[in-house]
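Q: Sharing a structure below in structure tokens format, with a few things to ask.
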Amino acid sequence: MVDEVFNKQGHSRNETPNSAWLQLAIAVSFEIAGAISLRLSKGFTLTFPTLIALASFAVALYLVSRVMKSLPVSIAYPIWAGGGTVGVALLGILWFEESINFKKIIGIALVTFGVVIINRVSEKKSGC
């Protein structure tokens, strides 16, 4: 029965490694949308941004949980969390006109490089 659901690489029949990466990218996007909506909700005092934040985080968590069926957690979670962190930081600078300085640039770069390094050195079961 288990063999019918999963192939030798551990992927469900309906999911390929490429679809896992696409789902991960979408999960990062929803993570970013959720965080930005938190800012716009003004502490959950505005209904529409609050609902968008909650829905976005729910979708992001659902997608990343699906991704973790195909990609190792040591790759999926850091990319999801790091991608969300970098995306929110950049949107904060661009959209909310938050300050940018050398230390913030270094921090964003370190998160980005950290995710890249983890991806490069981790054992991959997805074939990507």
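Let's see how each residue does on (1) within 14 Å of residue 25 (Cα to Cα); (2) touching a Pro at 6+ places or on another chain (Cβ under 8 Å); (3) in contact (Cβ under 8 Å) with a residue 12 or more places away in the chain:
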{"position": "63", "(1), (2), (3)": "yes, no, yes"}
{"position": "68", "(1), (2), (3)": "yes, no, no"}
{"position": "75", "(1), (2), (3)": "yes, no, yes"}
{"position": "78", "(1), (2), (3)": "yes, no, yes"}
{"position": "96", "(1), (2), (3)": "no, no, yes"}
{"position": "113", "(1), (2), (3)": "no, no, no"}
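Q: Among the residues of the range 38-60 satisfying the criterion of being small (Gly, Ala, Ser) and more than 26 Å from residue 116 (Cβ to Cβ), which is surrounded by the most Cβ atoms within 10 Å (Cβ to Cβ)?
A: Ranking the qualifying residues of the range 38-60, first place goes to 53.
Q: Among 102, 57, 113, which is the only one that is of a type outside the set (S, T, N, Q) and touching a helix residue (DSSP H, G or I) at 6+ places or on another chain (Cβ under 6 Å)?
A: 57
Q: Return yes or no: is residue 41 closer than 17 Å to residue 80 by Cβ, free of Cβ contacts under 8 Å to residues at least 60 places away in the same chain, of a type in the set (Gly, Ala, Ser) and out of contact with any His (no Cβ under 7 Å at 6 or more places or on another chain)?
A: So residue 41 fails the test.
Q: Another question about this same structure. Give 71, 63 a once-over and let me know the one that is crowded, with 18+ Cβ neighbours inside 10 Å, outside any helix (DSSP H, G or I) and out of contact with any strand residue (DSSP E or B) (no Cβ under 9 Å at 6 or more places or on another chain).
A: Answer to the check: 71.
Q: Another question, then. Does the range 88-100 hold any residues that are outside any loop (DSSP other than H, G, I, E, B), surrounded by fewer than 18 Cβ atoms within 10 Å (Cβ to Cβ) and of a type in the set (Gly, Ala, Ser), and which are they?
A: Answer for the range 88-100, where residues must be outside any loop (DSSP other than H, G, I, E, B), surrounded by fewer than 18 Cβ atoms within 10 Å (Cβ to Cβ) and of a type in the set (Gly, Ala, Ser): just 92.
Readers should treat all values here as calculations from the given coordinates under stated rules, not as data from a laboratory. Note that the structure is predicted; figures quoted are calculated from it, not measured. So basically every Cβ, Gly included, is an ideal-geometry build from the backbone, and we count neighbours across all protein chains shown.
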